[in-house]
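The values are calculated or read from the model by the stated rules, or taken from the named source; none is laboratory data. It should be emphasised that the depicted structure is a prediction, and the values quoted were computed from it without experimental measurement. Cβ placement follows ideal geometry from the backbone for every residue including glycine, while neighbour counts extend to all protein chains displayed. Surface areas here come from the heavy atoms of the whole protein model, side chains and all, with no ligands, DNA or RNA. Shrake-Rupley method; radii C 1.70, N 1.55, O 1.52, S 1.80 Å.
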Amino acid sequence: MQDTYFIDTMGCQMNERDSETIAGVLEDLGFAPTEDMLTARVIVLNTCAVREKPVHKVFSKLGGICKLKAKRPEMIIIVAGCVAQMAPEEFRRRTPLVDIVVGPRNLSGLAEAIREATGEPSVLADTSEVIPEGLPSSREDGVNAFVNITYGCDNFCAYCIVPYTRGREQSRTPERVGAEVKQAVEAGRPEVTLLGQNVNSYRGTDEEGKSVDFPDLLALVDSADGLKRLRFTTSHPKDLSLKLLDAMRDLPTVCEHLHLPIQAGDDEVLARMGRKYTRAHYMGILQAARERMPDIAITTDVMVGFPGETEEQFERTVAAFEEIRYDQAFMFMYNDRPGTRASGFEDKVPEPVKLARLQQLVDIQNRISREKNEALLGNTYEVLVGGPDLKSPSKLRGRTRTNKLAIFTPRPVPRRAVPAAGDMVYVRAEEAFLWGFTGTEVIE
Ligand code: SF4
């Protein structure tokens, strides 16, 4: 019987993309995927250090996995991701049953380490700055493919661990990005999301030595045969140019959705966070985006309770939310990340105050999201079908260009099969919910 592998992925889209690479490496070595962790020969924990108490959470999961290995010593345990990069020696010390510790910058050595996994534990968490090109990857079913355009980050925001775990920013060449997009589309992915910690600072150099910025890259990728939709994340407000907004407006596949983290609505807090933009600059970008694309969806990340945040400063974030009216927001409470500058700041906001601020903002944003989705009702939208809706399988689910979730009833059409994943349909919005709307397919 073929040996199997199981991957538990925590955290962001960068980690999801890394898990695809890890899966590809394992499949190249002859392992097959399984949903059943209990029987897997290889268990991978792809860890995240950005949110919550990361090391604690990983070690508690590992405790259970190591108990499994005590019964099945042939099992191979791999710890990957940012926690692996942050604390490689801690794994060796606290969990000797772990076979391989591999940071996000060391995936090119993974295949070799797995081959050797019957011997000494391998720790691959050096700080080399090599872009892991040419590794295999295995993507789960779906219509979207994530494609990295940069690795690492140079921004060193005061609260963030990423520059320490994923290293300094490096851009892939436009040719390599283009080739991966082409491959993904040919493999049946009509939608691609270009990924980077800060896509706006992409600086590639093509084979002729010409410098290519992010809007240029979008134009190159937009022309890929068969590509229906192009998305990107994450944008940093300090590097977002008007040239990019023009490209979003003009390039047919680029979707009208901008995810632009605000983090705080107060200039003093932004400065202490090390974000290097002001509220006025941020508002100027949104105004320019809405002038060019009036129906653009804007989403954001925000952090409440940053050390020293006063009630007045928090209220400026609330006021920014009311003024901007985001379509969605990912809202977090500040928590110390060991090794970051902010963890050494003294004026920490008490836990109950942070919780109350978070709840206040969540309530406001939920109301705004619902109102924005209610404003869509009665209109018809182009929806890329993702597949059947899991809760009501007679319905389908998909996304609009603005990334709203659409759950809809397909229309029976003589001599036409029910739309399938990857098909483009039109849906009339009939009832709003927090993340989108329900509706009915419209045959044009
Ligand atoms: S831009 Fe700031 S928050 Fe984003 S990854 Fe870089 S350091 Fe972290």
Inset, instruction - From Ala179, Ala117, grab the single residue that is more than 18 Å from the chain's Cα centre (by Cα) and modelled with pLDDT of 90 or more. - result: Ala179
Legend entry - Yes/no for Gly386 being open to solvent by less than 60 Å² (accessible area, probe 1.4 Å), touching a Gly at 6+ places or on another chain (Cβ under 8 Å) and under 21 Å from Lys404 (Cβ atoms): yes
Inset, instruction - Check whether at least one residue in the stretch 359-377 is open to solvent by less than 50 Å² (accessible area, probe 1.4 Å), part of a loop (DSSP other than H, G, I, E, B), touching a residue at least 24 places away in the same chain (Cβ under 8 Å) and not acidic (Asp, Glu), and report yes or no. - result: yes
Inset, instruction - Determine, yes or no, whether Asp28 is surrounded by fewer than 16 Cβ atoms within 10 Å (Cβ to Cβ), under 18 Å from Ala113 (Cα atoms) and touching a residue at least 60 places away in the same chain (Cβ under 8 Å). - result: yes
Inset, instruction - Note down all Cβ pairs under 7 Å where the first residue falls in the stretch 67-92 and is at positive phi and not assigned by TED's automatic domain parsing to the domain that holds Val162, the second is assigned to a strand (DSSP E or B) and surrounded by 15 or more Cβ atoms within 10 Å (Cβ to Cβ), and they're at least six residues apart or on different chains. - result: Gly81/Asn46; Gly81/Thr47
Inset, instruction - Please go through the stretch 402-441 and pick out each residue that is at positive phi and touching a Gly at 6+ places or on another chain (Cβ under 7 Å). - result: Gly422
Inset, instruction - Give the residues of the stretch 195-219 that are within 12 Å of the ligand (Cβ to nearest atom) and assigned to a helix (DSSP H, G or I), sorted by residue number. - result: Val199, Asn200, Ser201
Legend entry - Selected residue (criterion: farthest from the ligand (Cβ to nearest atom)) from residues of the stretch 141-166 that are within 20 Å of Glu20 (Cα to Cα) and part of a loop (DSSP other than H, G, I, E, B): Asp141
Inset, instruction - For residues that are buried (at least 22 other Cβ atoms within 10 Å of the Cβ) and not in a strand (DSSP E or B), scanning just the stretch 31-53, find the one that is nearest to the chain's Cα centre (by Cα). - result: Ala49
Legend entry - Residues of the stretch 284-311 classified as among the charged types (D, E, K, R) and free of Cβ contacts under 8 Å to residues at least 24 places away in the same chain, total: 3
